[in-house]
1. Does anything in the range 88-114 have its amide N under 15 Å from the 7 Å Cα→Cβ label point of residue 66, and if so which residues?
2. Run the numbers on the range 6-109 and let me know its relative contact order in percent, using alpha-carbon pairs under 8 Å that are six or more apart.
3. In what sequence, highest mean first, do 62-73, 36-47, 79-90 appear when ranked by Cβ atoms within 10 angstrom?
4. Report, in degrees rounded to the nearest 10, the 0 to 90 angle that the Cα long axis of helix 6-23 makes with the longest principal axis of the chain.
5. Determine the calculated [θ] at 222 nm for the chain from helices alone, applying -39500 (n - 2.57) to every DSSP H run no shorter than 4 residues and normalising by the residue count; nearest 500 deg cm²/dmol.
6. Which three extents, in whole angstrom, do the alpha-carbon atoms of the chain cover along their principal axes, largest first?
């Protein structure tokens, strides 16, 4: 896989996202969690006894990656989050967040479902 492939760029930006989260006091619980038939969660992190299910979107082109966060994608992340909590038998507070990377500039948006 080349560094310039879509997956390579996505992996590189997810690594930037993880580094950003750790620097801001988050603990990474899991990366690329896959809930069968529901979808994938890019990063699951915790901070202050709250689980954060984080969707990472990035683009190196002129297109703003925030527009890739659609209502359908948010529903999939929510359903996958509930599946994760049930599977792990966790009853804790959680939120759905987005981490947008634009040419190495990072914007973290908490509670995108509000």
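1. 97-103, 105-114
2. Numbers: 159 pairs, mean separation 27.4, N = 104.
The normalised contact order for the range 6-109 reaches 26 percent.
3. Descending packing order for the listed peptides: 36-47, 79-90, 62-73.
4. 60
5. -10500 deg cm²/dmol, from helical runs alone.
6. 40, 31, 30
Every read-out reported here was derived from the displayed coordinates using simple, explicitly stated rules and does not represent laboratory data. Quick caveat: nothing in here was measured; it's all calculated off a predicted structure. Heads up, the Cβs are rebuilt from the backbone with ideal geometry, glycines too, and the neighbour counts pull from every protein chain shown.
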